[in-house]
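Undergrad: Once you've had a glance at the structure underneath, I'll fire off some questions.
The values are calculated or read from the model by the stated rules, or taken from the named source; none is laboratory data. The structure displayed is predicted, hence computed values, not measured ones. Here Cβ is always computed from backbone atoms with ideal geometry, including for glycine, and neighbour counts include all displayed protein chains. These accessible areas exclude ligands, DNA and RNA; they are computed on the full protein's heavy atoms, side chains included. Shrake-Rupley method; radii C 1.70, N 1.55, O 1.52, S 1.80 Å.
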Amino acid sequence: MPQATQLQRLPGFNVANHLEKRKLLIAINCIAGLSIFFFGYDQGMMGGVNNAKHYIDLMGFGYVDPETGEPVVTDSLLQGGIVSVYYLGTLFGCLLGGWVGDKTGRIRTIAFGSLWAIVGASLQCSAQNANWMICARAVNGIGTGILNAIVPVWATETAEYTSRGQFISIEFTLNILGVVVAYWLEFGLSFIDGGASAFRWRFPIAFQIIPLLFLLAAVWFFPESPRWLAKMDRDDEALFILQRLRGTDAAGLAQAQAEYHDIRNVVALEREEANMNSYWRLFTGIGSGELHVGRRVQLVIWLQIIQEWVGIAGVTVYAPTIFRIAGFGTEKSQWISGLNNIFYMFATLICVFTLDRIGRRWTLYWGAVGQGIAMFLAGGFSRLGEDARAAGDLSKAGSYGAAAASFVFIFTSVFGATWLTVPWLYPAEIFPLQIRARGNALGVFGWSIGNGWLTLLCPVMFNAIGEKTLYIFGACNVVAIPIVWALYPETNQRTLEEIDLLFSAPTPWTWDAEAAFARMKQERPDLIEAAHRGQGVLGVKKLADSDGGHVENSNSSSIA
């Protein structure tokens with residue numbers, strides 16, 4: 001094992017030379033949050049752009065009614081295609097970002113993604129026709145995919161295992177802040193020239209370049225992931241950054257030294273599995289032995305897809321209709337939608353304080369229950385409101401509509417406190433170091449599929465069956481509970497190395513995973529203690545031998 005020298009400071013200006021422990025972690029979280037803020041802003045931006053008269057006329061998918069001022073879409077496929085091609089870009093971008101992130105490091109990949117997204121945003125705000133906009137959206141999506149694949153990995157690999165959830169949750173508060181900023185900026189611009197000017201949609205698109213420029217300029221002054229540095233045999237830098245992250249007092253230095261040696265053990269053991277590093281091998285699990293990487297890939301992809309099907313995409317599409325049922329005018333509906341986004345943002349703070357206390361599974365459980373109830377009731381009251389309006393009882397229709405609107409608020413608040421964060425944290429936690437960036441990228445791959453699919457499908461569903469679409473989303477929440485219970489092991493308060501032991505069981509069921517872990521804890525407490533400290537665990541064959549043959553061995557693989 002290479003020995004790390006006692007590096008006194010990183011070359012040039014780096015915040016790690018001046019900050020340590022929690023201050024350094026907060027600084028890292030802020031720069032990571034800048035990327036997540038851009039991600040939220042970019043998602044929220046198109047809602048207002050799609051209502052801009054100049055944009056609608058230029059793209060040619062409809063017109064604005066001169067009397068009501070409401071957009072009338074005549075080519076929904078073109079409108080939806082312009083929006084959804086962004087997710088096709090993120091699908092390819094996340095795979096590129098995962099590959100580049102494991103090759104060149106987390107910092108360079110963040111800068112690479114920022115630059116790519118700046119080019120995409122520039123192309124979008126200067127678009128002159130639909131074809132131009134479609135290409136620009138795809139380019140911008142690639143940049144977003146690169147950032148989404150690598151930023152959670154960087155944040156997770158620098159945080160301590162006891163606070164991983166808290167740090168990622170804070171970042172997603174900034175994510176929804178981006179949505180809020182996009183909404184209110186576009187709401188304000190809608191009053192310029194009666195909302196008919198090109199400035200109404202070109203400026204909000206160009207505005208996203210500002211946080212990207214800050215991200216591109218600032219990220220170079222932040223420390224690289226010590227785990228990636230150790231993987232690349234840059235041990236002096238890895239140890240120095242760990243010391244700054246854990247503290248330069250006696251206890252912090254001892255913790256950093258122990259963690260450094262543990263990471264080196266993990267690197268040495270995981271290099272035995274270098275043949276599983278291609279995306280094809282990750283997806284299929286070929287060659288991963290008892291690491292069961294293919295199982296983990298399926299878990300993170302489907303968790304992201306389920307995240308969309310629990311209803312957030314439906315609420316985004318259908319909320320304005322619900323507000324109109326309640327009798328709110330166009331302008332008031334916009335105010336209510338903006339207020340809903342603010343509630344959404346503050347609800348994410350709940351996750352900051354609960355995720356590391358109650359765990360990932362219970363967060364998903366209570367979220368699915370609350371979201372499911374809200375979806376069924378929002379759909380039911382929407383139907384009652386429509387029926388009352390058709391019967392001419394506007395007072396009763398307004399009451400039912402207000403009730404439906406309140407459940408939209410409840411849904412988005414519960415989602416922000418639960419399902420928004422966990423599907424992004426889980427992929428960054430459960431993969432071995434050697435493939436962590438690419439593993440997380442496959443989670444973003446699932447998010448791209450789920451979002452792109454529903455972006456196209458939701459308008460069709462609502463047009464065909466109306467509020468009954470919300471019942472489908474409510475049912476998906478019900479189905480999500482047994483899926484999480486049966487297939488998703490708890491990762492809370494476990495080190496990134498200790499999590500690997502959960503996936504050593506030969507079956508995908510969570511009770512087998514916990515039973516195997518408990519058996520190891522009883523029969524080999526030294527093995528569990530090593531993983532709890534972050535130390536690499538010996539190969540599965542040795543594990544099986546020491547465990548009395550309980551763990552079947554198909555390959556001599558590393559659990560690390």
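Undergrad: Can you name the residue in the stretch 219-236 that is over 22 Å from the mean Cα position of the chain (by Cα) and part of a helix (DSSP H, G or I) and, of all such residues, is farthest from Leu19 (Cα to Cα)?
TA: Filtering the stretch 219-236 for residues that are over 22 Å from the mean Cα position of the chain (by Cα) and part of a helix (DSSP H, G or I), the one farthest from Leu19 (Cα to Cα) comes out as Lys231.
Undergrad: Is there a residue being open to solvent by less than 10 Å² (accessible area, probe 1.4 Å) and β-branched (Val, Ile, Thr) anywhere in the stretch 59-67?
TA: no
Undergrad: Further, regarding this structure: If I go through the stretch 21-58 residue by residue, how many of them are more than 27 Å from the chain's Cα centre (by Cα) and either part of a helix (DSSP H, G or I) or surrounded by fewer than 20 Cβ atoms within 10 Å (Cβ to Cβ) (or both)?
TA: Residues flagged as more than 27 Å from the chain's Cα centre (by Cα) and either part of a helix (DSSP H, G or I) or surrounded by fewer than 20 Cβ atoms within 10 Å (Cβ to Cβ) (or both) within the stretch 21-58 amount to 6.
Undergrad: Could you count how many residues in the stretch 162-186 are among the aromatic types (Phe, Trp, Tyr) and at pLDDT 85 or above?
TA: Qualifying residue count for the region: 2.
Undergrad: Surrounded by 22 or more Cβ atoms within 10 Å (Cβ to Cβ), closer than 30 Å to Ser504 by Cβ, in contact with an Asp or Glu (Cβ under 6 Å, 6 or more places away or on another chain) and assigned by the TED database to the domain that holds Phe328: which single residue out of Ala437, Ala428, Ala441 fits that description?
TA: That would be Ala437, the only listed residue that is surrounded by 22 or more Cβ atoms within 10 Å (Cβ to Cβ), closer than 30 Å to Ser504 by Cβ, in contact with an Asp or Glu (Cβ under 6 Å, 6 or more places away or on another chain) and assigned by the TED database to the domain that holds Phe328.
Undergrad: Right, Glu331: assigned to a helix (DSSP H, G or I), crowded, with 18+ Cβ neighbours inside 10 Å and at pLDDT below 80 or not?
TA: no
Undergrad: Output the number of residues of the stretch 364-389 satisfying the condition of being closer than 21 Å to Tyr488 by Cβ, over 20 Å from the mean Cα position of the chain (by Cα) and open to solvent by 10 Å² or more (accessible area, probe 1.4 Å).
TA: The number of residues fulfilling the criteria is 2.
Undergrad: Might you check whether a residue that is open to solvent by 40 Å² or more (accessible area, probe 1.4 Å), under 30 Å from Ala230 (Cβ atoms), aromatic (Phe, Trp, Tyr) and in a helix (DSSP H, G or I) occurs anywhere in the stretch 145-154?
TA: Within the stretch 145-154 (the criterion being open to solvent by 40 Å² or more (accessible area, probe 1.4 Å), under 30 Å from Ala230 (Cβ atoms), aromatic (Phe, Trp, Tyr) and in a helix (DSSP H, G or I)), the answer is no, since none of the residues qualifies.
Undergrad: Going residue by residue through the stretch 300-313, is there one that turns out to be outside the structural domain of Val72 (by the TED database), farther than 14 Å from Thr421 by Cβ, open to solvent by 10 Å² or more (accessible area, probe 1.4 Å) and free of Cβ contacts under 8 Å to residues at least 60 places away in the same chain?
TA: Within the stretch 300-313 (the criterion being outside the structural domain of Val72 (by the TED database), farther than 14 Å from Thr421 by Cβ, open to solvent by 10 Å² or more (accessible area, probe 1.4 Å) and free of Cβ contacts under 8 Å to residues at least 60 places away in the same chain), the answer is no, since none of the residues qualifies.
Undergrad: Right, another one. Scanning the stretch 193-202 for residues that are open to solvent by less than 70 Å² (accessible area, probe 1.4 Å) and assigned to a helix (DSSP H, G or I), which turns out nearest to Met45 (Cα to Cα)?
TA: Residue satisfying both the conditions and the ranking: Trp201.
Undergrad: Arg361: out of contact with any Leu (no Cβ under 8 Å at 6 or more places or on another chain), surrounded by fewer than 19 Cβ atoms within 10 Å (Cβ to Cβ), modelled with pLDDT of 80 or more and assigned to a helix (DSSP H, G or I), yes or no?
TA: In short, yes.
Undergrad: Let me ask you something else. Within the stretch 271-291, is even one residue assigned by the TED database to the domain that holds Glu429, buried (at least 21 other Cβ atoms within 10 Å of the Cβ), assigned to a loop (DSSP other than H, G, I, E, B) and modelled with pLDDT under 70?
TA: Yes, the conditions are met somewhere in the stretch 271-291.
Undergrad: I'm told Gly398 meets every condition in (1) over 26 Å from Thr495 (Cβ atoms); (2) open to solvent by less than 20 Å² (accessible area, probe 1.4 Å); (3) within 26 Å of the chain's Cα centre (by Cα) except one. Can you identify the failing condition by its number?
TA: (3)
Undergrad: Give the residues of the stretch 81-110 that are open to solvent by 10 Å² or more (accessible area, probe 1.4 Å) and under 30 Å from Ala464 (Cβ atoms), sorted by residue number.
TA: Once the filter is applied, which keeps residues that are open to solvent by 10 Å² or more (accessible area, probe 1.4 Å) and under 30 Å from Ala464 (Cβ atoms), the stretch 81-110 yields Gly81, Val83, Ser84, Val85, Tyr87, Leu88, Leu91.
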